[in-house]
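Have a look at the structure below, then the notes.
Every read-out reported here was derived from the displayed coordinates using simple, explicitly stated rules and does not represent laboratory data. These figures come from a predicted structure and were not determined experimentally. When we count neighbours, we look across all protein chains shown, and the Cβ atoms used for this are built from the backbone with ideal geometry, even at glycine.
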Amino acid sequence: MFVEITRGSAILRELDDLRSLSVRHSVVVARDEVASALVREDLGVLDGDGHAWLDIQWLLDSGAARGPRWSQDFSGMIGFAESRGWVRDGRVRAHLEAVEM
């Protein structure tokens, strides 16, 4: 699953892939624009280590229509992340990736 950041939007994609979590942005979108988009959309924040911290409730709400099985699998993903220390203050850590779009 990933959040795609463009100039002007943040869209959650590939919700059925619960084995990875990232924030992807075009190489032409500056890091400060990514940070602003996450805050503006109330999705999360960037840290100084090349990661984003995404709001768990927003992710859960975004995928809830996929049904109880998805919610259960999502909870498993968050449980794994928590066991690795990747959950804090209601947020989960995600990789930040600059990609060609």
Would you tally the net charge around Ala52, using a Cβ to Cβ cut-off of less than 11 Å, leaving Ala52 out, and scoring K and R as +1, D and E as -1? 0
Apply the Karplus parameterisation 6.51 cos²θ - 1.76 cosθ + 1.60, with θ equal to phi minus 60°, to every residue of region 29-41 and state each ³J(HN,Hα) to the nearest whole Hz, in sequence, with x for glycine and proline. 8, 5, 4, 5, 5, 5, 4, 4, 5, 4, 5, 4, 7
Could you give me the ³J(HN,Hα) list for region 53-69, computed from phi with Karplus coefficients 6.51, -1.76, 1.60 and θ = phi - 60°, whole Hz, x at Gly and Pro? 10, 9, 5, 5, 5, 4, 4, 4, 4, 5, x, 4, 5, 6, x, x, 5
Which value at 222 nm does the chain reach when only helices count, each DSSP H run of 4 or more adding -39,500 (n - 2.57), with the total divided by all residues and rounded to the nearest 500 deg cm²/dmol? -10500 deg cm²/dmol
Given the chain, longest segment not containing exposed loop trypsin sites (Lys or Arg not before Pro) (DSSP; at most 15 other Cβ within 10 Å): 20-83
So which GluC sites (Glu not before Pro) in region 70-101 pass both tests, a DSSP loop state and at most 10 other Cβ atoms within 10 Å of the Cβ? Glu100
